[in-house]
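Undergrad: Supplied in structure tokens, the structure appears directly below.
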Amino acid sequence: MNKILETFSQAWKTPELRQKILFTAGIFFVFRLFAHIPIPGVDSAALKNLFAGNQFLGLLDIFSGGTLANFSVMALGLNPYINATIILQLLQMVFPKLEELSKEGESGRMQINQYARMLTVPLATLQALGTYALLRNQHIIGVVNPLTLAAMILTLTTGTIFLMWLGELITEYGIGNGISMIIFGGIVGRFPVIIGQTVSVASSEQVFNIVAFAAVALLVIAGIVVANEATRQIPIVYARRVRGNKMYGGQSTFLPLRINQAGVIPIIFAVSLVLIPSLLGQYLSQVPNPQISRLAQTVSSVFNPAGTVYNVVYFILVLGFTYFYTAVIFNPTKIATEIQKYGGFIPGIRPGTPTANYLNYILTRITLAGAVFLGIVAVLPSLARGITNVATLTIGGTGVLIVVSVVLETAKQFETMLVTKSYDKYLQ
């Protein structure tokens with residue numbers, strides 16, 4: 001923690017980094033400002049009571065940064081954009097052209113990101129329509145005329161696009177990954193509300209449970225830090241080369257393979273998918289058809305965030321997305337080619353394809369440890385909440401993991417920028 005604070009302190013003393021920090025803070029201010037601009041025609045008191053009494057909706061509200069409970073213009077959050085990104089990454093395994101784009105470097109990723117933006121619009125429209133239907137079934141919103149409904153859907157869709165744009169501004173001009181930072185800001189913005197609710201409803205019997213929950217949270221945070229910093233060092237030796245009267249190479253270094261290569265992205269993807277059955281169940285439970293209504297109620301009950309099925313599916317999704325995203329961002333064949341290009345090799349392993357196979361062998365096994373850890377962290381606080389019976393602490397391991405991971409990744413970005421600035425002084 002002291003190291004992180006020291007890094008931020010040094011970054012603040014650097015004019016360019018200070019400007020990035022202030023820009024990011026300004027975006028956060030705009031985000032929180034719009035998060036409290038409600039859409040007219042909604043019973044705010046009834047809406048807050050609904051979210052307070054429904055654990056699934058409370059969890060969904062956390063990842064919208066509190067915008068859903070207020071039914072603000074940003075009520076949908078970034079879920080449509082995240083779902084669009086997931087769909088496009090899955091489609092890369094089906095359509096060869098998308099796979100080729102993903103391998104074209106920065107230009108290909110920009111094109112895929114553009115497709116994700118375009119796909120976000122219809123997904124946001126559908127989700128806005130579903131949200132309206134859900135709240136109407138719960139008698140939070142009355143029946144409105146088509147023009148008012150169209151305006152509401154357009155407002156919600158525009159709010160998602162605007163929030164996505166704010167995230168991209170942070171990525172380009174601010175600090176950290178914009179989408180992760182927006183989610184981080186939303187979760188942190190809910191901390192005071194959650195703590196206030198816990199203190200207000202806590203009884204004398206629950207004080208010990210709250211302390212135990214806090215102790216578990218501290219252990220989880222410590223585990224996240226250790227797992228994010230843990231690496232497997234692969235030794236790389238560069239052969240000596242003689243050119244003229246000079247000798248080059250002959251050095252040895254290490255290729256660090258992180259246990260958690262994918263960072264916080266698998267958690268965001270997994271929670272976006274695992275909430276879909278409950279969302280559909282909440283929506284379809286009020287339809288007139290009794291068979292569909294019973295089936296929807298069963299789905300909602302089975303995929304209750306405190307239930308076993310929800311946590312098992314959540315755990316499996318985290319494992320799957322960890323491997324999937326690691327395969328997307330880390331290419332053993334490319335790394336092996338780069339090592340061979342500069343005359344390097346792993347002791348005992350031949351250059352080229354054997355090196356790529358060896359890196360893939362190592363990465364598969366250490367990723368398993370990282371994926372299992374992420375899965376445990378994702379479901380452990382939910383289980384602890386069930387044991388301690390402190391229902392107001394709905395932030396869960398997912399929120400804690402996102403917050404800690406974003407802080408660590410941002411601190412590393414600060415360190416990289418500070419190192420770059422120190423080298424720039426010598427180049428001037």
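The values are calculated or read from the model by the stated rules, or taken from the named source; none is laboratory data. These numbers come from a predicted model, not from an experiment. Please note: Cβ atoms are built from the backbone with ideal geometry, for glycine as well, and neighbour counts cover all protein chains shown. Accessible surface is based on the protein model in full, side chains and every heavy atom, while ligands, DNA and RNA are left aside. Shrake-Rupley method; radii C 1.70, N 1.55, O 1.52, S 1.80 Å.
Undergrad: Mind listing whichever residues of the stretch 118-134 are aliphatic (A, V, I, L, M) and touching a helix residue (DSSP H, G or I) at 6+ places or on another chain (Cβ under 7 Å)? Full working, then the answer.
TA: Within the stretch 118-134, the first condition is being aliphatic (A, V, I, L, M), and the residues that meet it are 118-119, 121, 123-124, 126, 128-129, 133-134.
If the condition is that a residue be aliphatic (A, V, I, L, M) and touching a helix residue (DSSP H, G or I) at 6+ places or on another chain (Cβ under 7 Å), then LEU119, VAL121, LEU123, ALA124, ALA128, LEU129, ALA133, LEU134 are the ones that fit.
Undergrad: Something else now. Scan (1) farther than 22 Å from ILE182 by Cα; (2) part of a helix (DSSP H, G or I); (3) modelled with pLDDT of 75 or more for the single condition ILE87 breaks and write down its number.
TA: Here ILE87 clears every test but (1).
Undergrad: If SER293 meets every condition in (1) assigned to a helix (DSSP H, G or I); (2) out of contact with any Pro (no Cβ under 9 Å at 6 or more places or on another chain); (3) buried (at least 20 other Cβ atoms within 10 Å of the Cβ) apart from one, which number is that one?
TA: Among (1) assigned to a helix (DSSP H, G or I); (2) out of contact with any Pro (no Cβ under 9 Å at 6 or more places or on another chain); (3) buried (at least 20 other Cβ atoms within 10 Å of the Cβ), the lone unmet condition for SER293 is (3).
Undergrad: Looking only at the stretch 113-155, filter to residues that are of a type in the set (Val, Ile, Thr) and modelled with pLDDT under 85; which one of those is most open to solvent (accessible area, probe 1.4 Å)?
TA: Keep residues of the stretch 113-155 that are of a type in the set (Val, Ile, Thr), which gives 120-121, 125, 131, 140-141, 143-144, 148, 153, 155.
Subsequent filtering for residues that are modelled with pLDDT under 85 retains 131, 140-141, 143-144, 148.
Details: THR131: 20, ILE140: 14, ILE141: 5, VAL143: 128, VAL144: 45, THR148: 60 Å².
The selected residue is VAL143.
Undergrad: Now for a different question. Six or more apart or on different chains, Cβ under 9 Å: which pairs go from a residue in the stretch 146-161 that's part of a helix (DSSP H, G or I) to one that's modelled with pLDDT of 85 or more and of a type in the set (Phe, Trp, Tyr)? Could you list them?
TA: Cβ pairs passing all conditions: GLY159/PHE34; THR160/TYR81; ILE161/TYR81.
Undergrad: Would you pick out the residues in the stretch 102-127 that are of a type in the set (Val, Ile, Thr) and free of Cβ contacts under 8 Å to residues at least 40 places away in the same chain?
TA: Step one: filter the stretch 102-127 for residues of a type in the set (Val, Ile, Thr), giving 112, 120-121, 125.
Once the filter is applied, which keeps residues that are of a type in the set (Val, Ile, Thr) and free of Cβ contacts under 8 Å to residues at least 40 places away in the same chain, the stretch 102-127 yields ILE112, THR125.
Undergrad: Select from the stretch 327-358 the residues that are assigned to a strand (DSSP E or B) and either loosely packed, with under 15 Cβ neighbours inside 10 Å or hydrophobic (A, V, I, L, M, F, W, C) (or both) and list them in ascending order. It would help to see each step written out before you state the result.
TA: Taking the stretch 327-358 first, the residues assigned to a strand (DSSP E or B) are 344-345.
Once the filter is applied, which keeps residues that are assigned to a strand (DSSP E or B) and either loosely packed, with under 15 Cβ neighbours inside 10 Å or hydrophobic (A, V, I, L, M, F, W, C) (or both), the stretch 327-358 yields only PHE345.
Undergrad: Then there's this: So, of the residues in the stretch 29-72 that are surrounded by 14 or more Cβ atoms within 10 Å (Cβ to Cβ) and among the polar types (S, T, N, Q), which turns out to be modelled with the highest pLDDT?
TA: So, considering only residues that are surrounded by 14 or more Cβ atoms within 10 Å (Cβ to Cβ) and among the polar types (S, T, N, Q), the one modelled with the highest pLDDT is SER72.
Undergrad: Now for a separate question. Determine which single condition TYR361 fails, assuming it passes every other condition in (1) part of a helix (DSSP H, G or I); (2) modelled with pLDDT under 85.
TA: (2)
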